[in-house]
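Here the structure is laid out as structure tokens; the discussion comes afterwards.
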Amino acid sequence: MKEKKNNNPNDEDSDNKAFHMFEHLEQNKKIYSIYLSNEIEDPSKYTDMFHKLRTIEPEAGVLLYLAGVGGDCDGMLAIINAIHDCSAPVCSVVHGNVRSAHSSIAVAADQLIVYPDVVMMFHTYSGGMSGKSHELTSRLASDILQQKDIDKKYAIPFLTQAEFNQMLDGKDFWFHANRNDVKSRIARHNKHRK
């Protein structure tokens with residue numbers, strides 16, 4: 001099994017790269033493994049990944065390995081949209097604890113695999129902004145509506161509707177993968193995405 005690393009050759013410090021991507025053959029099928037382990041950043045950091053996801057041949061497969069604390073909402077949305085645009089099936093593999101944006105990305109994939117003993121955390125976004133009061137008010141209203149729509153589209157059915165409503169009211173949800181209810185949530189998610 002020959003592995004090829006697909007990182008930007010102009011990137012001098014690949015350890016600090018926003019993502020790492022590899023490709024290999026498995027039973028004559030090309031598999032792309034993408035690792036998102038750093039804080040989610042501005043969408044411009046993921047251009048190579050977006051291009052790859054949008055141009056992958058439909059008969060290939062994508063394993064999206066996730067472990068991280070979340071990060072930038074714009075970056076998260078752009079990653080979710082690239083997953084949606086991918087013609088090959090995308091499987092999120094939660095191999096370390098995920099929170100916030102990383103959890104949202106995980107449940108946006110076609111299939112979800114969660115390693116035992118990891119934790120997934122869902123909550124409403126947090127952030128800050130500055131500007132004139134009328135600009136802040138309108139931007140906040142827009143951001144809340146957008147995030148609600150994104151979370152509803154992907155977090156349900158992993159979260160129930162009641163949990164989703166509680167999350168919008170400010171409750172954080174922590175899910176431990178080795179508990180039976182999480183296994184049933186994963187099964188429900190995977191059935192819904194098919």
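The values are calculated or read from the model by the stated rules, or taken from the named source; none is laboratory data. No experiment lies behind these values; they were computed from the predicted model shown. When we count neighbours, we look across all protein chains shown, and the Cβ atoms used for this are built from the backbone with ideal geometry, even at glycine. These area figures cover heavy atoms from the full protein model, side chains too; ligands, DNA and RNA do not enter into them. Shrake-Rupley method; radii C 1.70, N 1.55, O 1.52, S 1.80 Å.
Positive end of the dipole of region 65-181, charges at C-beta (+1 Lys, Arg; -1 Asp, Glu), about the Cα centre: which of Tyr154, Thr124, Ile79 has its Cα farthest in that direction?
Value computed over the given set: Thr124.
In whole Hz, what ³J(HN,Hα) sequence does region 106-123 give by Karplus (6.51, -1.76, 1.60; θ = phi - 60°), x for Gly and Pro?
4, 7, 7, 7, 5, 9, 10, 10, 10, 5, x, 6, 8, 10, 10, 10, 10, 7
Taking the Cα-to-Cβ direction at Ser130 and at Gln166 and moving 7 Å from each Cα, how far apart do the two end points lie in nm?
About 3.8 nm, to one decimal.
At Arg139 and Asp181, where each label point lies 7 Å from the Cα along Cα→Cβ, what is the point-to-point distance in nanometres?
Taking the two extended label points, one gets 3.7 nm.
Using Cα springs under 10 Å in a Gaussian network model of the chain, which residue among Ser87, Ser100, Ser37 shows the largest mean-square fluctuation?
Comparing Ser87, Ser100, Ser37 in a Gaussian network model of the chain, the most mobile one is Ser87.
So what are the ³J(HN,Hα) numbers for region 92-105, from phi and the Karplus equation (6.51, -1.76, 1.60; θ = phi - 60°), rounded to whole Hz, Gly and Pro as x?
So the Karplus estimates, Gly and Pro as x, are 7, 10, 8, 10, x, 4, 10, 9, 6, 4, 5, 5, 4, 5 Hz.
Output the antiparallel fraction of DSSP beta bridges having both residues in the chain, as a percent to the nearest 5.
About 40 percent, rounded to the nearest 5.
Set the Förster radius R0 to 22 Å, insert the Cβ-Cβ distance between Lys191 and Glu26 as r into 1/(1 + (r/R0)^6), and round the FRET efficiency to 0.05.
0.35
Report the charge-dipole magnitude of region 113-184 in Debye, nearest 20, computed about the Cα centre from +1 at each Lys and Arg Cβ and -1 at each Asp and Glu Cβ.
Here region 113-184 has a charge dipole of around 100 debye.
Counting each DSSP H run of 4 or more residues in the chain as -39500 (n - 2.57), what helix-only mean residue ellipticity at 222 nm follows after dividing by all residues, to the nearest 500 deg cm²/dmol?
After summing the helix terms and dividing by residue count, I get -12000 deg cm²/dmol.
What do you get for the angle between helix 180-193 and the principal long axis of the chain? Use alpha-carbon atoms, 0 to 90 degrees, nearest ten.
Around 80 degrees separate the two axes.
In degrees between 0 and 90, to the nearest 10, how far off the longest principal axis of the chain does helix 73-85 point, with axes built from Cα atoms?
50 degrees
Relative contact order (percent) for the chain, with alpha-carbon contacts under 8 angstrom and 6 or more residues of separation?
16 percent
With every protein chain in place, what's the accessible area of Arg179 (1.4 Å probe, Å², nearest 10)?
130 Å²
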